[in-house]
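Undergrad: Take this structure, written in structure tokens, and hold onto it; I'll ask about it next.
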Amino acid sequence: MSRIFLSSPDVGPLEREALLRAFDSGWVAPAGPELEAFENDIAAITGWPGAVAMSSGTAALHLALLGHGVQPGDRVLVSSFTFAATANAVAYCGAEPTFIDSDTVTWNMSPQLLADELADSRRHNRLPTAVVVVDLYGQCADYDPIVAQCHELGIPVVEDAAEALGATYKGRPAGTLADTGVFSFNGNKIITTSGGGMFVSHDVEASNRVRNLATQARRPAVHYEHTEIGYNYRLSNLLAAMGRAQLQRLPVMSARRLQINARYRELLGDLPGVSFMPIAPWGGWNGWLTCVVFDDVATRDAVQHALDENDIESRPLWKPMHLQPVFASCRARVDGTSEYLFDHGLCLPSGSVLSDDQIDLVAKVALETAR
């Protein structure tokens, strides 16, 4: 039996054909018609005209923060319940993250804890330069109250939609819910370009500025002229071609992940002491990963061990950034929500390549262990 992975890339003939077409065109560098077309495709999906393809979602986050003026010594409020890349991008700018805990409705940044931290920042006359909100596991945060309170104070908001391409919030597409947005196309995401990411903005001038920074900030001259520090962050034309093929299949792949989640709920939903990630009433989840929470930590650990014994990959939910040793000295406003989820939660195999038989096997092992 081959190993069942958490979220394997779902690629096939369409992607192979796209890569070969790009290869045969001779455009194999971080420039070319597929790169521009991929940016246009994302712009069309989001409705935002400024899209810049990057080598990673982390690179896109870094430049999004620089674009909002984040500098060394600044403070940036960041979702604590996330992958390290979100906080690392703040550190790349020389700024310091302050971590905000999750709510129980979406597992994303708590609007109330954010309000408490902003109120405290006003009292101490040290407002953050920016706020970064993560759309965790493919579900959007509650952006209306988050953005409203930040804009009231003149603070820009970056949407880390790395996991949320295709998701929506009250009918609006993920990536467009704040001032700028970021997607990831890493190998485990809902679509992949092997590695890669995308910056999106409603402001074409802002996106052009980011595009320049991503190409070593080279000035328009016959020779190589530079007046500021730039970065080598552009996506290759080859990988952009793959991304365009993946994007065509996004609705089907998202639908399959949602089917997988529904099957897990059918098979495991009656298991005592087990619950699933809540789906917020504003809807539009893309189904990226199925996450379950066990009342009993020992049961969670036993299930994870049993799955591994059966050559099935699973993984605890994200370890909150405020618990990471590298960020131990950073300020955090927490209420225990994300720490509980980390201690009790488990991500189950959810890739769109998985068969019903494989999902049934995962559920069977979990049931036999948890009962």
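Undergrad: Being exposed (fewer than 15 other Cβ atoms within 10 Å of the Cβ) and in contact (Cβ under 8 Å) with a residue 24 or more places away in the chain is the filter; apply it to the stretch 280-295 and report the residue that is farthest from the chain's Cα centre (by Cα).
TA: Residue satisfying both the conditions and the ranking: Asp295.
Undergrad: Can you find a residue in the stretch 30-40 that is at negative phi, within 20 Å of the chain's Cα centre (by Cα), surrounded by fewer than 18 Cβ atoms within 10 Å (Cβ to Cβ) and modelled with pLDDT of 95 or more?
TA: No, the conditions are met nowhere in the stretch 30-40.
Undergrad: Among the residues of the stretch 63-84, what is the count of those that are of a type in the set (A, V, I, L, M, F, W, C), under 27 Å from Leu213 (Cβ atoms) and crowded, with 21+ Cβ neighbours inside 10 Å?
TA: Count: 7.
Undergrad: Any residue in the stretch 318-332 that is out of contact with any strand residue (DSSP E or B) (no Cβ under 6 Å at 6 or more places or on another chain), assigned to a helix (DSSP H, G or I), surrounded by fewer than 18 Cβ atoms within 10 Å (Cβ to Cβ) and β-branched (Val, Ile, Thr)?
TA: Yes: one or more hits.
Undergrad: Something else now. Please pick out the residue among Asp116, Asp144, Asp120 that is modelled with pLDDT of 95 or more, touching a Phe, Trp or Tyr at 6+ places or on another chain (Cβ under 9 Å) and surrounded by fewer than 21 Cβ atoms within 10 Å (Cβ to Cβ).
TA: After ruling out the rest, the residue left standing is Asp144.
Undergrad: For the condition assigned to a loop (DSSP other than H, G, I, E, B), among the charged types (D, E, K, R) and closer than 22 Å to Leu113 by Cα, what is the one hit in Asp343, Asp335?
TA: Result: Asp335 is the single residue among Asp343, Asp335 that is assigned to a loop (DSSP other than H, G, I, E, B), among the charged types (D, E, K, R) and closer than 22 Å to Leu113 by Cα.
Undergrad: Additional query: Based on what the data block shows, is Leu6 over 26 Å from Phe199 (Cβ atoms), in contact (Cβ under 8 Å) with a residue 12 or more places away in the chain, surrounded by 14 or more Cβ atoms within 10 Å (Cβ to Cβ) and not basic (Lys, Arg)?
TA: So Leu6 fits the description; yes.
Undergrad: Conditions first: (1) surrounded by fewer than 22 Cβ atoms within 10 Å (Cβ to Cβ); (2) not assigned by TED's automatic domain parsing to the domain that holds Gln71. Thr227 passes all but one, so which condition is the exception?
TA: (2)
Undergrad: Identify all residues within the stretch 149-194 that are outside any strand (DSSP E or B), farther than 21 Å from Arg315 by Cβ and charged (D, E, K, R); write none if there are none.
TA: The answer is Glu152, Lys170, Asp179.
Undergrad: Please list, ordered by first then second residue, the pairs with beta carbon atoms under 6 Å, 6 or more apart or interchain, first in the stretch 329-342 and in the same structural domain as Asp301 (by TED's automatic domain parsing) and within 23 Å of Pro128 (Cβ to Cβ), second surrounded by 18 or more Cβ atoms within 10 Å (Cβ to Cβ) and of a type in the set (Val, Ile, Thr).
TA: Arg331/Thr98; Arg333/Ile100
Undergrad: Shifting gears a bit: Taking Ile146 as the residue in question, decide whether it is touching a residue at least 24 places away in the same chain (Cβ under 8 Å), β-branched (Val, Ile, Thr) and assigned to a loop (DSSP other than H, G, I, E, B).
TA: no
Undergrad: Then there's this: Of Arg257, Arg300, which residue is surrounded by 14 or more Cβ atoms within 10 Å (Cβ to Cβ), of a type in the set (Lys, Arg), under 26 Å from Ala85 (Cβ atoms) and in contact with a His (Cβ under 7 Å, 6 or more places away or on another chain)?
TA: Testing whether each residue is surrounded by 14 or more Cβ atoms within 10 Å (Cβ to Cβ), of a type in the set (Lys, Arg), under 26 Å from Ala85 (Cβ atoms) and in contact with a His (Cβ under 7 Å, 6 or more places away or on another chain) leaves just Arg300.
Undergrad: Give the residues of the stretch 234-268 that are charged (D, E, K, R) and either closer than 25 Å to Ser355 by Cβ or more than 20 Å from the chain's Cα centre (by Cα) (or both), sorted by residue number.
TA: Arg249, Arg256, Arg257, Arg263, Arg265, Glu266
The values are calculated or read from the model by the stated rules, or taken from the named source; none is laboratory data. Given the structure is predicted, the values throughout are model-derived calculations rather than measurements. Please note: Cβ atoms are built from the backbone with ideal geometry, for glycine as well, and neighbour counts cover all protein chains shown.
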